[in-house]
1. Under the condition of being more than 14 Å from the ligand (Cβ to nearest atom) and closer than 21 Å to residue 65 by Cα, which residue from region 118-143 is surrounded by the most Cβ atoms within 10 Å (Cβ to Cβ)?
2. Could you list, in sequence order, the residues of region 144-193 that are open to solvent by less than 50 Å² (accessible area, probe 1.4 Å) and without any contact (Cβ under 8 Å) to a residue 12 or more places away in the chain?
3. Kindly check whether there is at least one residue in region 86-96 that is among the aromatic types (Phe, Trp, Tyr) and either touching a residue at least 40 places away in the same chain (Cβ under 8 Å) or touching a Leu at 6+ places or on another chain (Cβ under 6 Å) (or both).
4. Yes or no: residue 107 out of contact with any strand residue (DSSP E or B) (no Cβ under 7 Å at 6 or more places or on another chain) and outside any loop (DSSP other than H, G, I, E, B)?
5. Which residues, counting only those in region 212-238, are outside any helix (DSSP H, G or I), out of contact with any strand residue (DSSP E or B) (no Cβ under 8 Å at 6 or more places or on another chain) and either basic (Lys, Arg) or more than 14 Å from residue 101 (Cβ to Cβ) (or both)?
6. The conditions are (1) assigned to a helix (DSSP H, G or I); (2) in contact with a helix residue (DSSP H, G or I) (Cβ under 6 Å, 6 or more places away or on another chain); (3) buried (at least 20 other Cβ atoms within 10 Å of the Cβ); (4) in the same structural domain as residue 209 (by TED's automatic domain parsing), and residue 83 fails exactly one of them. Which is it?
7. Residues that are among the aromatic types (Phe, Trp, Tyr) and part of a strand (DSSP E or B): does region 66-79 have at least one?
8. Among the residues that make up region 63-70, is at least one of them within 16 Å of the ligand (Cβ to nearest atom) and without any contact (Cβ under 8 Å) to a residue 40 or more places away in the chain?
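The values are calculated or read from the model by the stated rules, or taken from the named source; none is laboratory data. Values in this document were obtained by computation on a predicted structure and should not be read as measured data. Cβ sites come from the backbone with ideal geometry, for glycine too, and all protein chains shown count toward neighbours. Accessible surface is based on the protein model in full, side chains and every heavy atom, while ligands, DNA and RNA are left aside. Shrake-Rupley method; radii C 1.70, N 1.55, O 1.52, S 1.80 Å.
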Amino acid sequence: MYTLGIDIGSTACKCIILSDGKEIAGKGLYPLGTGTIGPKMVFESALKDAGLTREDIHTVLATGYGRFQFDGADSQKSEMTCHATGIHFLMPSARTIVDIGGQDIKALRLDAQGRLDNFVMNDKCAAGTGRFLDVMAGVLNVKTYELGPISDDAQSVVSISSTCTVFAESEVISLLSNNVRIPDLVAGIHASVAGRVAALVFRNGIVPDVTMSGGVALNHGMVRALSAELKTPITVHPLCQYAGALGAALIAYREATK
Ligand code: ADP
């Protein structure tokens with residue numbers, strides 16, 4: 001039996017097709033969030049990746065910010081539950097998840113069975129999110145995925161005092177005109193995000209093992225900065241950005257077979 005989980009985020013759509021709740025048969029990612037194009041494109045690319053058609057899929061479960069705007073799903077589930085379920089499948093020892101997406105941050109705690117125990121999330125503000133990093137990458141004229149490798153060459157961490165994205169953008173532009181080393185500046189950008197995220201994570205309490213989900217976890221410079229701020233190791237699974245979609249596909253399977 002094939003089940004499909006679709007995570008319609010604010011910035012990107014992710015899709016996972018599971019075979020019998022065990023094996024990933026196909027996946028897709030489209031760098032556009034809620035709306036009509038992102039969900040449609042990612043749905044089609046996951047079917048193509050799996051070599052399947054819509055008729056082969058038993059159940060579709062949608063999660064993410066735009067889950068209620070998508071009319072192709074049989075049911076919906078919150079991102080918190082889906083991320084917890086997806087991460088527990090990928091990393092059964094994880095008890096704390098820091099999910100940084102395009103526009104929000106969530107800290108989740110799981111119990112030993114992988115059930116969602118507790119969570120906190122930020123208010124709707126770009127500071128500390130993927131959006132902040134995307135804006136800073138734009139100012140530096142690099143791609144977001146280049147930030148991690150650039151920060152590897154940092155010799156020091158530039159302090160960025162503005163927390164607001166708009167003010168921080170001006171601050172980074174003025175630091176650039178003062179010929180600050182770019183790797184040091186990127187390390188400073190990561191440290192600034194890590195500081196905001198850590199404040200939220202501490203509110204929820206940290207239980208090891210700690211992992212990250214969401215697209216920002218693909219930035220190893222960000223993972224390093226957050227690990228330093230939390231004073232705890234963070235292990236990231238390569239499918240971190242798909243955790244919500246995977247959880248949705250798993251829940252769809254469990255609901256279809258109970
Ligand atoms: P959402 O579910 O809120 O739409 P995601 O969890 O998909 O967001 O994360 C999107 C964010 O992840 C982007 O804003 C970007 O900052 C970051 N991101 C995506 N891909 C990469 C990558 N390869 N390297 C670094 N950061 C990335």
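1. Per the stated criteria, the residue is 119.
2. Correct list: 162, 171.
3. Yes.
4. So residue 107 fails the test.
5. Step one: filter region 212-238 for residues outside any helix (DSSP H, G or I), giving 212-214, 219, 231-238.
Now drop any that are not out of contact with any strand residue (DSSP E or B) (no Cβ under 8 Å at 6 or more places or on another chain), which leaves 219, 231, 238.
Within region 212-238, 231, 238 qualify.
6. Among (1) assigned to a helix (DSSP H, G or I); (2) in contact with a helix residue (DSSP H, G or I) (Cβ under 6 Å, 6 or more places away or on another chain); (3) buried (at least 20 other Cβ atoms within 10 Å of the Cβ); (4) in the same structural domain as residue 209 (by TED's automatic domain parsing), the lone unmet condition for residue 83 is (4).
7. Quick first cut of region 66-79, residues among the aromatic types (Phe, Trp, Tyr) only: 68, 70.
If we keep only those that are part of a strand (DSSP E or B) as well, we get none.
No.
8. Yes, region 63-70 has at least one match.
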